[in-house]
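Here the structure is laid out as structure tokens; the discussion comes afterwards.
The values are calculated or read from the model by the stated rules, or taken from the named source; none is laboratory data. For clarity, every value in this text was computed on a predicted model and none was experimentally measured. Quick reminder, even Gly has a Cβ in these numbers, built from the backbone with ideal geometry, and neighbours come from all protein chains shown.
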């Protein structure tokens, strides 16, 4: 990516979440030459191709590919520090970003809908995930509004005002904007953040969107996503126990790089049961908390609290980040049940940034291959499982035949 963007904070059309940078740096330091494939999947019933053409989407993505990161953006990243005052991003990594170029991205129409994919070196192809998803959404909903002529923003403002009123009645609820990937548009995300910062300034504790963290003076928040253990596992040898060992190696690499600051474990890549089979007391003491992203949230939180108590750890020293399918009613219900028992943060995405009276797209862009090997995600929810069936079976048999054995 060349340093040729025309505005001081373009951030690839404001479509990058902070966890893309934290993951990319670790990828650069440990696996910089690994070739990884990302592909967009539409898990919903609304077809993107009904409103967006291959040509329109390809043009938008190609324009983003040419922009690169500006000096001001890299300077912002260079100024981010850990709690101990150390730079989060190394100068070597920032120099890599200054000259790296996003790999080509391809848009096709297959079986009546659009598919988007890209292959490239892991530390740079990773950025396409949130960029592609945010642009697909914006193209789709811009076309939808033009087709219907409905005043969607007015409906969105009414719904947002209702959410803000609920938040104001529960001032101890802390939220983080996790909505970049599935937002209605960049302008709408900016507007929602403006309203939250105006009306709930102490409750909005950060945003995953790096551009808007910069613009609003918010804390950029994010750690890692499923792609990290998925790719580590795909790169592991095909021998019994290798996937399990790869997941643990990733956990060690992550903690060695970022320490407790970014130590929020994502439990469901290969299933929460299997995660807890390996997450020992030493890790539980060091890692700040855990993130819920699939499965039943109340059962998850009860299990997390019980796990800490079993190991003699005060749950109030740890955090749960809820981030799966949150609504304002679910947030309040979870808070009513668990406040005062463990620290709580709500990573609020789709229904915060895309609730304007029309169905949101249910899209994801995930890794499908690493150095030609297919990736697998098992999850705690069957609808979020991914990978070839024979590889899913191999993972379950070779790694998880008896998950309670350590």
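Which numbered condition in (1) in contact (Cβ under 8 Å) with a residue 24 or more places away in the chain; (2) under 22 Å from residue 377 (Cα atoms); (3) buried (at least 22 other Cβ atoms within 10 Å of the Cβ); (4) over 15 Å from the mean Cα position of the chain (by Cα) is the only one that residue 268 fails?
Here residue 268 meets the rest and fails (4).
Would you list the helices (runs of 4 or more DSSP H) that sit entirely within the range 64-157 and hold 1 or more residues that are under 26 Å from residue 177 (Cβ atoms) and free of Cβ contacts under 8 Å to residues at least 24 places away in the same chain?
71-78, 91-99, 128-148
Just checking, which of 189, 194, 153, 145 is out of contact with any strand residue (DSSP E or B) (no Cβ under 9 Å at 6 or more places or on another chain) and at pLDDT 95 or above?
Numbers: 189 fails: out of contact with any strand residue (DSSP E or B) (no Cβ under 9 Å at 6 or more places or on another chain); 153 fails: at pLDDT 95 or above; 145 fails: at pLDDT 95 or above.
It is 194.
Out of the range 227-243, which residues are more than 20 Å from the chain's Cα centre (by Cα) and under 25 Å from residue 21 (Cα atoms)?
Across the range 227-243, the qualifying residues are 235, 236, 243.
So residue 205 fits all but one of (1) assigned by TED's automatic domain parsing to the domain that holds residue 102; (2) in contact with a strand residue (DSSP E or B) (Cβ under 8 Å, 6 or more places away or on another chain); (3) surrounded by fewer than 17 Cβ atoms within 10 Å (Cβ to Cβ); what number is the exception?
All conditions pass for residue 205, except number (1).
Let me spell it out: the conditions are (1) over 30 Å from residue 372 (Cβ atoms); (2) assigned by TED's automatic domain parsing to the domain that holds residue 330, and residue 181 meets all of them except one. Which number is the exception?
For residue 181, the exception is condition (1).
Collect the residues in the range 326-343 that are under 16 Å from residue 160 (Cα atoms) and surrounded by fewer than 19 Cβ atoms within 10 Å (Cβ to Cβ), keeping them in residue-number order.
If the condition is that a residue be under 16 Å from residue 160 (Cα atoms) and surrounded by fewer than 19 Cβ atoms within 10 Å (Cβ to Cβ), then 327, 329, 330, 332 are the ones that fit.
List the residue pairs whose Cβ atoms are under 7 Å apart, where the first residue sits in the range 391-404 and is under 11 Å from residue 277 (Cα atoms), the second is at pLDDT below 55 and part of a helix (DSSP H, G or I), and the two are 6 or more positions apart or on different chains.
Partner pairs satisfying both residue conditions: none exist.
Would you mind finding the one in 205, 176, 166 that is modelled with pLDDT of 95 or more and part of a helix (DSSP H, G or I)?
Exactly one of 205, 176, 166 is modelled with pLDDT of 95 or more and part of a helix (DSSP H, G or I), namely 166.
Is it fair to say residue 390 is surrounded by fewer than 21 Cβ atoms within 10 Å (Cβ to Cβ) and under 26 Å from residue 281 (Cβ atoms)?
It is false that residue 390 is surrounded by fewer than 21 Cβ atoms within 10 Å (Cβ to Cβ) and under 26 Å from residue 281 (Cβ atoms).
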